[in-house]
Each structure stands twice: as C-alpha cells, then as structure tokens.
1. Output the number of residues of the range 333-352 satisfying the condition of being out of contact with any strand residue (DSSP E or B) (no Cβ under 6 Å at 6 or more places or on another chain), touching a residue at least 40 places away in the same chain (Cβ under 8 Å) and farther than 23 Å from residue 305 by Cα.
2. Looking at 147, 203, 222, which one is buried (at least 19 other Cβ atoms within 10 Å of the Cβ), in contact (Cβ under 8 Å) with a residue 24 or more places away in the chain and in a helix (DSSP H, G or I)?
3. Would you check if there is a residue in the range 395-413 being surrounded by fewer than 18 Cβ atoms within 10 Å (Cβ to Cβ), in contact with a helix residue (DSSP H, G or I) (Cβ under 8 Å, 6 or more places away or on another chain) and part of a loop (DSSP other than H, G, I, E, B)?
4. Among the residues of the range 84-132, count how many are out of contact with any strand residue (DSSP E or B) (no Cβ under 8 Å at 6 or more places or on another chain), surrounded by 17 or more Cβ atoms within 10 Å (Cβ to Cβ) and in a helix (DSSP H, G or I).
5. Could you check how many residues of the range 353-376 are part of a helix (DSSP H, G or I) and touching a strand residue (DSSP E or B) at 6+ places or on another chain (Cβ under 8 Å)?
6. Among the residues of the range 454-466 satisfying the criterion of being part of a loop (DSSP other than H, G, I, E, B) and touching a strand residue (DSSP E or B) at 6+ places or on another chain (Cβ under 6 Å), which is nearest to residue 226 (Cα to Cα)?
7. Tell me the residue from 310, 342 that is assigned to a strand (DSSP E or B), at pLDDT 85 or above, touching a helix residue (DSSP H, G or I) at 6+ places or on another chain (Cβ under 9 Å) and buried (at least 16 other Cβ atoms within 10 Å of the Cβ), please.
8. Name the residues in the range 467-488 that are surrounded by 14 or more Cβ atoms within 10 Å (Cβ to Cβ) and part of a strand (DSSP E or B), would you?
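The values are calculated or read from the model by the stated rules, or taken from the named source; none is laboratory data. This is a predicted model, so every value here is computed, not measured. Positions of Cβ are generated from backbone atoms using ideal geometry, with glycine treated the same way; all protein chains shown enter the neighbour counts.
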C-alpha cells in the first residue's frame, strides 16, 4: 500500500505549532504515584462555547492545579466538541467534587459547556512509557524503600546526576520518554451497559491484542475505568500512516462487534498539537512533607466526620464479649465470636455510606471510650488495651485469626464484594498500620462517579452524612441522587 498523507492528517500537520520539546521527559511509574504519592489517575474533558479563550482557559487550569496541589498532569488540545483533555494524578486528600468545584470556579466566565471525568479503576492495562518491549508487560517498580526527599527534589527539578537517574530507571521508578512525530489520538469506548463481567474481561483482552498488533501506531496506552468511558485508548499515528488509525485500531475494534453486543460505539478525538498544549506537562513526585499522608494516629486523634468512621471490628462482636467477661458469665468464651450483624451493620454499612457520599476512611480496631463509660467494662478495657485519645486500641488480631494479614485482607475484600452491589472492589484500598503493639486496618474508600451502592438484600439507601451513616427515606434519597447525578 502506498504511504499517502490523508487530507485530515495534512490539515492537522499544517496547523501544528512549532514543537517546543526539550528532550526526553521524566515520567514516574504509575505504581509510585499510587503507593508513594497516594494519588489517583483521572482524565477530564472540557468543552467551551460559544467562545474559546485559549490563553485564559489554560491560565485557569494552571491556577486550579496550583490551588489543589496537582503535581503531575498533561493537557492536550482536541478537535471537536471537546476542546481539552487533561490527564492528571489527583491526591487522595482532594475529593473529586472539590477539584471539580475549584476548576469550575476558575473557569466561571469561560463558557464551559462540557465537563466530565474518567477515573482509572485499575492499573493501566498498557502504558507505552513503562511497557517491556519484549513481553509487553508493564514494568513493576521497586517500591521497598521510598527515595529520600533530597533525591525526589533533584529528580523533580531535573538536576539528578545521570548515574543515579539511570539507577532509578533500572528500578522502574522513573522512565525518560520523548514523544514521537505524528498525531496524538484518544479513543473512547463508553460504559458497557448491563455487560457481564466476563464479557468486559474478554473485550479488554481483545483491545490489548489489537493495540499490540497495530505496528504503525506508537505511544500505545490503554486504561479501564468509569465515567465518560469504560476503556480509554491513547496513541500516536504518523502523518503519512494516518489511515492506519482507522484500519489497525478503529475497524479492528468495531469488527469485534461491540456495537451489536454492548450497544456502544467508539469515539475518536485528535489532538491539534504534536505536543502538550501551552507546555502544560509536569510529572513530579511529592516529598514526604508535601504528601503528608494521614496515619492511623492522625485518624484516631481526629473526630469522626463525614469522611472518617472508626469501628472495633469487621467480623467479631466485641460488645457482647466484653459484657460476658465483665459479668463472669459461665458461657463466656476466651475470644470474641463472629457475628453477621456486626459485619452487616458495621463495616458493610460504613463502606456503602462512603461510596454513596464523598469517599473517606474506615479504621478497624478501636473502641470509643464513651461507649463503655462505667465499670467493670471500663476497668477491663483499661487493663488490657492501650489507649489513644478517645479510643481503646483493641486491634484486629481477634478479627485476624489465624494471624495472617494477607488472608484477612482477601477475606475482608471478598465479603465487601459479596455483600455490596455492585461490587465495590476497584474503589477499596485496604492497608495495615499499628499502634501500641496492635495491628489496625485502614480501609480507604475512593470516590466513584458511577453507580449507587446497596447492601445485598437491603433496598435502603445508605449515605454518610456528617458523622453518621443512615438510610435516607425515599423522597430524600431521590432528591439526594438528583442533586448528585451518576450514570447508573
């Protein structure tokens, strides 16, 4: 086939501004963003009408980044109804709603008509910067020891000596990459309504195969998530191979039958520039002081709120056991016993409430002192467990029998997925911390923009409001959902 430049590719190339690249750019591995910086990958699409004030809009976006502490981002300018797409890492300390409100505030007089978001719910399926050229697998970073802040600052400033930069590249913490020549493109596959999980997994596998087989496409990346897409593809096609975008990617996807099977189609957007718009690219890692992730001590010395809930246990009934021990009941056991009521009315309800609200954290392994203000239970607790502010730290050891953290973590996530619908797994992070010799569990519930969540076999709509999780009655639940629309 002759290499001819299509009219579209020629028009785009003719209008491309002069490249402003200054050599390879440093990218931090996505796992480093997630684990060290505690950030989450988001894509935002923006459209403006009837005016599009390029310079003022970019200045407003930059202001929002600075205000909300966004250290890593790439901004692209598009053709079509969407003028801009932002790829950015949002710190967990900033909610989706907080960022959206800040962005709209700074764009208040800029004629925004479209603003929607895609949140990656998994690790990237493909990412060209960290793709192993031989196996195609994503390269895993060495996360055992966080780099000293002094090294991170030098990397952020581009001043790290070459030998140490190469060392960190070999550890897959960072990678240097230079964009190729050609047209950057984005392909959106919208949310697959009522699709079985097995069908979505099969489609993901097909998409990977299509991208790996697309020999004329570079910078291939594939993400799965929720929001304006179920899958988002990014790549670059050379000017003189522009038709390969259609033949190697778009037609290959459509030939898999996504339209008749899932009731959706692909949508393709082209970048107007061969580089990031307005030099709005940055990939930096926060120092420990900048990231300042909250610890379990911070949580337990803070009042419960709409984003924080503290529970004694996920599985066992501490209250009943304490009464039995304190009153010397003959049937008292040596350990607290498992209780479905504790699980359903405790951690399950708490997770659902946060999923339907603005996300947050649940700490397992601490009892509020005010629940047991009198002897003999108070004396029993004080004699056996360390205290921290207004809590007795009972730990999760009784929950975690046998004392196997990985098994406990799998069990907890499994119960959440079994008893909450739809399954919340992609929005849950489970970590262990310790205090006074006791292990505690910290469940981070991430913010979601799709679906409302329910406890299995319970049609009530639970929401975390202020410092309590309660079901909203029908009219109030309808009003709540109307004010905060989600696709499903």
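1. 1
2. 203
3. No, the range 395-413 contains no residue that is surrounded by fewer than 18 Cβ atoms within 10 Å (Cβ to Cβ), in contact with a helix residue (DSSP H, G or I) (Cβ under 8 Å, 6 or more places away or on another chain) and part of a loop (DSSP other than H, G, I, E, B).
4. Total meeting the criteria: 2.
5. Just the residues of the range 353-376 that are part of a helix (DSSP H, G or I), to begin with: 353-355, 369-371.
Checking which are touching a strand residue (DSSP E or B) at 6+ places or on another chain (Cβ under 8 Å) leaves us with 353-355, 369.
Qualifying residue count for the region: 4.
6. Of the residues in the range 454-466, the ones part of a loop (DSSP other than H, G, I, E, B) are 456-460, 466.
This time we only want the ones that are touching a strand residue (DSSP E or B) at 6+ places or on another chain (Cβ under 6 Å), so: 456, 460.
Working: 456: 22, 460: 24 Å.
Result: 456.
7. 310
8. 469, 470, 471, 472
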